[in-house]
Every structure is written in structure tokens, then in C-alpha cells.
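Have a look at the structure below before the remarks.
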Amino acid sequence: MNAPLSLNIASLHRRDFLYGLGSSLGALAMTNLLAKEAAGPLSPKKPMHAPKAKAVIMLFMEGGPSQVDTFDPKPKLNARHKLESKRTAGLANGYRFYVGSPFKSRKVGQSGLDMSDQWVHLPKVADELCNYRGCQAESLNHPEALFHMNTGSRLGGDPALGSWINYGLGTENQNLPGYVVMTELAMPQGGSRNWSNGFLPAHYQGTRLRPSGSPILDLQAPKYKTREHQRKALDELAFLNQRHAKKHPEHADLAARMESYELAYRMQMEVPGVIDLKSEPEHIREAYGMNQKETAAFGRQCLMARRLVEKGVRFVQIFSGGWDSHDYLERGHSSRIKSVDKPMTALIKDLKGRGMLEDTLVVWTGEFGRTPDNNRRGGVYALGRGHNVDAMTMLMAGGGVKKGAIVGATDEIGAEAAEVVHPIRDLHVTLLHLLGLDDNKLTYFHGGRYKQLSQFGGQVIKELIA
């Protein structure tokens, strides 16, 4: 009901008065312009500058893979195996001792990248890889370090990298989520806060696909409910929600929820075809290791990642757990490397064969690196490694990064980054840059100020870019 003309405007609540201004002619014009947007907040947006990549696949090795046992060998560390570490001082019990790598290393590819002998398949794509050795983390605590690598903040609750990318670029397929997450085994520490939309609108939150059974619950409608029935139900629900939204325009989350209902409806048509891997040729399934127990789970998710990106999904992230090797390093890392080696090799080869690697950035990383030494407890050598924020290793491929290159370096025992040293925020700024986004301009007003992924700015790591 319209308010009577004699209503004293001073009696209006300030919030209601301000929202009431939205009925002006200017607001109507703006509403009309917004209505012409292709598909709301996730509609495709122009990059801020010429991009080298349009999508990202991040392979996250949760727990912290060891740099010296994967892609950054240290012969001088091996020579000190089981000798007392200089970092023993201050330990209440026992002492620290150096741990040489249980693996041999060799040069692979024409570029001569270093890889431990546990990588059997990855050498086939060595010349597509860029190994960055100069990144440094900040937190030794797993949840904080995971939040930092995934959201730019150690506290949790801020928007994830994938959320910022979708906020800046939108998605190319309105029938699929713009940001998809898969977990190989268990949820990572910190859970869904690793792919949260944070203070960004709820549209930008990551969508997790379940590792077993139906990737998304209720993806298939009950047999007794036709598409027409669903459409009528959604239309009625939209009518009620819109009526409620007019009364409470300050509740922005309602619009996101309404859009999620519509996206779910559209996904019922699109998602089954994307996740049905039976349509892939047998040689592709075999290449990804889907016929082997050790590689089946990660292989399935890597293949699904390729299909999602092929359909226009902007950011796909796969978590592989079990890399936290404080003890039994040889057994633990050997097992985890075997589980991801063949699938990630197939992913890179598959992307390249389809002409997609050029504009798809593949990133392999953990939340931090490992120490060159460990604690000796009760006279027993704990043949593993502790958490290390000062040195880590990561791989990148495609998306405008250098090929067959080693960027940065650590010291002679792999304890600390020594060349091309950058914090995680600079890595984030670089990933955004490759996608055509400027971290200083990709901001969102929240809590009284404009916020950005890097928190307070950073610099592009130019040495990584081709």
C-alpha cells in the first residue's frame, strides 16, 4: 500500500528513506541497463588488460610437499644426513639433525629441469613446466597457511582466489558454477573457508563436487517431477522471494539465494553431461590413470577439471591430501607422488593437445615447504621434515608462464629462498595479472574501506612470465 501524501517524511526510517530513492527515474534507467546484462553478477566481464590466461586449474597438495624431495635437490644436504643441525639450540628435548633425501634426482627434458626419481610420467611434459623456488609463506600452522594461500589472509573468512577471479571476470558458461572445488580424499583443514566468497556476494563462492557418489546432491530430479513442474515451482518461489525482497532491500543475500535456485535448475541440464566421464575414449581414461587404484581418484578429478574448463568454468581447484610427512618421508611422499604423477601429466598433455594449455594456467603447489632437518626424539631419528615457511617449490604450466624454466633458488640445503624471493601476495598478484586483472583495481568496498586479494598490494613476479 502506498503511503498517504500527508505522511511526514521525518517519520520515515533513514534506511527506508534512502532505499525509497531507488524508485526515481535515474534508478529505473539503471535497473533497465542492469536488466540487459547477460546473466547477472556472473556474466562475462572484460579483463582490465590483455590476458595471457582465461582459466586456472590449481592442483593443491595439502600438507606441504618437500621441495628437496620433489623438484629442488640439494646434494650438500645429502652429505650432512643425520649430522646434528645448527638449529638444535633451544630445544628442550633431543636435538635436530639433517635429513638427506631418500630419493635420487635427475635432469629431465631438453630444459634440464630437476625431478626426483619418483616422478615417472611428469618428465614427459618437463619442457612445459616452470618451477618457481622463490616463494615464501608466513604461517607454520596448516589452517592458517591454507587460508593464506587460498584467500590471501591467514585468518580465514576472506574471499578465495577463485572468488576474486570470478568477481573480476565472470564466467563463460551461465549453466555451470564459475568456481569449482574437488577434494580427492577428506576435506582440507579449515574446510569450506578455503573456497569461501568471504565478504563478496554469495554468487562467487566455490561449489564443491563430492569425491564419491553423485558429485552434487539432488542433481537428478525425482522421476515424478518433470522440468515443467520444477519451472512452475521456481517461478512461484521467485514471486514470493521478490515480494519479500522489496520489503527488505537491505538483505542482499536473498538475491544470491534466488540466483542459486536458478543456477541449480540450469545445472541439472548441463552438469550431467560434463561429469559423465564414460563418454571419454578409453585411451584418455587410461592416460589419466582412471583404471589404476592409486591414481583413479585424482585422475578422475583432473579429467573432470579439463572438461569443466573446456565448458567455460573459470577456476577449478583439486585438493590432494597426505603430504604432511613429519615421519616416514620416503613412504609418504612416494605414495602421494605416485597418486598424482600420471593424472597431472595427462592433464597437461591433454590441454596442450586440445589447444587449451596456451590460455589455461595450471598451478601445482602446497601451503608451505619442508625443513632440511627434523627432531631426534628419544634417541630415534624421525626421518621426515617439519614445516618451512622460508622455502617451498611450485610448478606452473601454460597460461603465459615460461616453459622449461627454473625461476628463483634456495640456499645450499633448501632451508631458505635466496633468489627471486617473493611473498604469497606477489604470487596472487601475478596470477591475477596473467588473467588480465590488476590487484590494485580489483577491489570491493567492505568494512569501511576498499579491500583486495593481496590485502595491501603487491608486485608482479615478472621472471615467471613468458
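Derivation of every value follows stated rules applied to the coordinates shown; laboratory data play no part. Remember, predicted model here, so these are calculated numbers, not experimental data. Every residue, glycine among them, receives a Cβ derived from its backbone with ideal geometry; neighbour counts consider all protein chains shown.
Figures for the structure shown
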| quantity | calculated |
| --- | --- |
| Formal net charge of residues neighbouring Ile465 (Cβ-Cβ distance under 13 Å; K, R +1; D, E -1) | +2 |
| Point-to-point label distance, Asn440-Leu140, nm (Cα→Cβ direction, 7 Å offset) | 3.6 |
| Reciprocal mean inverse distance between Cα atoms of segment 303-345 - Kirkwood radius, Å | 12.2 |
| Radius, Kirkwood style, for segment 344-395 when every pair of distinct Cα atoms is counted (Å) | 14.0 |
| Computed E for Tyr381/Leu155 - FRET, C-beta separation, R0 41 angstrom, nearest 0.05 | 0.65 |
| Neighbour-count order for Arg354, Arg80, fewest beta carbons within 10 angstrom listed first | Arg354, Arg80 |
| Extension gain, Arg210 back to Ala409 (0.36 nm per residue minus Cα-Cα distance, nm) | 67.9 nm |
| Kirkwood hydrodynamic radius of segment 57-146, from inverse mean 1/r over distinct Cα pairs, in Å | 15.5 |
| Solvent-free Debye scattering, log10 I(q)/I(0), computed from the Cα coordinates of segment 91-137 at q = 0.17, 0.22, 0.25, 0.31 Å⁻¹ | -0.65, -0.85, -0.97, -1.12 |
| Counted charge near Val99, where neighbours are those whose Cβ lies closer than 11 Å (Asp, Glu -1; Lys, Arg +1) | +3 |
| Kirkwood-Stokes translational diffusion coefficient of segment 325-466, alpha-carbon pairs, 37 °C, 0.692 mPa s, µm²/s | 185 |
| Where labels lie 7 Å past Cα in the beta-carbon direction, separation of Glu330 and Val120 in nm | 1.8 |
| Projected area, mean over directions - segment 278-356, Cα convex hull, nm² | 5.7 |
| Length gained when the stretch Leu185-His283 is fully extended (0.36 nm per residue, less Cα-Cα span) | 32.8 nm |
| Pairs from Lys402/Lys462; Lys46/Lys246; Lys107/Lys293; Lys293/Lys342; Lys124/Lys402 whose Cα-Cα separation, in the structure shown, is over 19 Å | Lys46/Lys246; Lys107/Lys293 |
